[in-house]
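Report on the structure given below.
The values are calculated or read from the model by the stated rules, or taken from the named source; none is laboratory data. It should be emphasised that the depicted structure is a prediction, and the values quoted were computed from it without experimental measurement. All Cβ positions, glycine included, derive from the backbone under ideal geometry; neighbour counts span all protein chains shown.
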Ligand code: ARG
């Protein structure tokens, strides 16, 4: 059992129940590396400033470096009875270097220490997350480029709408992931203020050098207000909000793929390695992995709510409630990384069901807007054109006829402007070729987007 950092003021031992309830070691062990790095920088500064003797400073740095090494080798022994990671490492240091260890906590509190640890952790995680996002964008882009010619029916309200290139739909994922990446990078800039030196919350009378610690730890700036330094958890909320938005995108991708892989759609086949079977229905191949992605995303949104609700009633400055920011933070980051990794692999093995898609493209209602625009180009108002095509659609549906099979005479009954050449646009290729407005689905524009993203993501 590690010694309490505050034990002497207490006339008796704390209850085992209280110890168990207040301990955070079961989750904040994840911060061990940053706790060591922060303490090394702090100890060096204390030595340089002659706040503690140089030789003690050197001894502390040596001891902490050896703890770091054991951590890297996977030999770091977590003490499950420790109050938190700070006490655990402090105790370990004492056992390695003796009394000099007691000088490490000079001009420091666990309040600024934990703020530092989380910030360093998040900074590092954001880099990992953005790397994963880039890998996923590349994986989707490859899938899009490999299937650049495929046209699918697009949907609004989950009702058949218009033809689009599959690659165009996939580029929509890439574009939304780009915003997610930008948000994370932006959050990283705001996190980049070093809090150490704020101590409990009011600063210190000892001649510390915060600039030196900031430089050693690679922060851009210093926190400006010691009270805010230990009270603030905006950086936790901000990354959880960013991850919540990112996970909305991931969930919607999952949902698209689930739908597309149904018998009813039959657009794609998801590899067996990412599906499961049924214990009762032998024919089944279920997209459980994608369903669990969709389901797990709710937990990430819960993580954000969790921290928002925990924070909103806290008076300044530090309160122990703040300890509870870590389980949701770790959960959201780990879960999102898992999902990103799954998608990176899953997109590599999706098979396009070209025949089934082609059959779906037989539905000529996909071209109704194209006929409307054909009539507008011949001088009709939008309203007139919409009415005419509406009547054609209704009659064809009622009589079970196809627009392309109407005679010229029948077409002219709807409008004199409907010439035989209208039939040349009633096919998927012509339909996508027509969408030439910037950002539209014409193959030439989509090809350009594919090559722009190919360069961007290289
Ligand atoms: N485990 C605490 C946390 O996560 C560390 C800071 C404890 N500070 C204190 N004054 N009890 O916030």
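Tabulated values for the structure
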item: Boolean, residue 156 is away from the ligand (no atom under 16 Å from the Cβ) and within 23 Å of residue 203 (Cα to Cα); result: no
item: Every pair of residues 6+ apart whose Cβ atoms lie under 6 Å, when the first sits in the stretch 84-110 and is within 15 Å of residue 61 (Cβ to Cβ) while the second is within 11 Å of the ligand (Cβ to nearest atom); result: 89/35
item: From the options 85, 140, 89, 152, residue that is more than 28 Å from the chain's Cα centre (by Cα), surrounded by 21 or more Cβ atoms within 10 Å (Cβ to Cβ) and modelled with pLDDT of 95 or more; result: 89
item: Pair list, Cβ < 9 Å and 6+ apart or interchain, from the stretch 25-45 residues that are more than 20 Å from residue 79 (Cβ to Cβ) and free of Cβ contacts under 8 Å to residues at least 12 places away in the same chain to residues that are within 13 Å of the ligand (Cβ to nearest atom) and in a helix (DSSP H, G or I); result: none
item: Residue 458 over 23 Å from residue 152 (Cα atoms) and part of a loop (DSSP other than H, G, I, E, B); result: yes
item: Only listed residue being farther than 30 Å from residue 363 by Cα, more than 16 Å from the ligand (Cβ to nearest atom), modelled with pLDDT of 95 or more and out of contact with any strand residue (DSSP E or B) (no Cβ under 7 Å at 6 or more places or on another chain), chosen from 170, 222, 129; result: 129
item: Condition broken by residue 174, with the remaining ones in (1) in a helix (DSSP H, G or I); (2) surrounded by fewer than 19 Cβ atoms within 10 Å (Cβ to Cβ); (3) in contact with a helix residue (DSSP H, G or I) (Cβ under 6 Å, 6 or more places away or on another chain) satisfied; result: (2)
item: Hey, residue 148 touching a helix residue (DSSP H, G or I) at 6+ places or on another chain (Cβ under 7 Å) and not in a helix (DSSP H, G or I) or not; result: yes
item: Scan of the stretch 75-113 for residues that are assigned to a loop (DSSP other than H, G, I, E, B), within 15 Å of the ligand (Cβ to nearest atom) and more than 24 Å from residue 17 (Cβ to Cβ), ordered by number; result: 105, 108, 109
item: Filtered residues of the stretch 19-42 (kept if surrounded by 22 or more Cβ atoms within 10 Å (Cβ to Cβ) and within 12 Å of the ligand (Cβ to nearest atom)); result: 28, 31, 35
item: Selection from the stretch 201-219 of residues that are surrounded by 16 or more Cβ atoms within 10 Å (Cβ to Cβ) and assigned to a loop (DSSP other than H, G, I, E, B); result: 201, 203, 204, 208, 219
item: Complete set of residues in the stretch 260-288 that are crowded, with 16+ Cβ neighbours inside 10 Å and part of a helix (DSSP H, G or I); result: 260, 274
item: Every pair of residues 6+ apart whose Cβ atoms lie under 6 Å, when the first sits in the stretch 308-336 and is closer than 17 Å to residue 117 by Cβ while the second is in a helix (DSSP H, G or I) and near the ligand (Cβ under 10 Å from one of its atoms); result: 318/111; 318/230; 326/27; 326/28; 327/27
item: Residues of the stretch 43-66 that turn out to be within 36 Å of the chain's Cα centre (by Cα) and surrounded by 23 or more Cβ atoms within 10 Å (Cβ to Cβ), as a count; result: 2
item: Matching helices (runs of 4 or more DSSP H) fully within the stretch 338-452 where at least 3 residues are within 19 Å of residue 153 (Cβ to Cβ); result: 354-360, 368-377, 382-399, 428-434
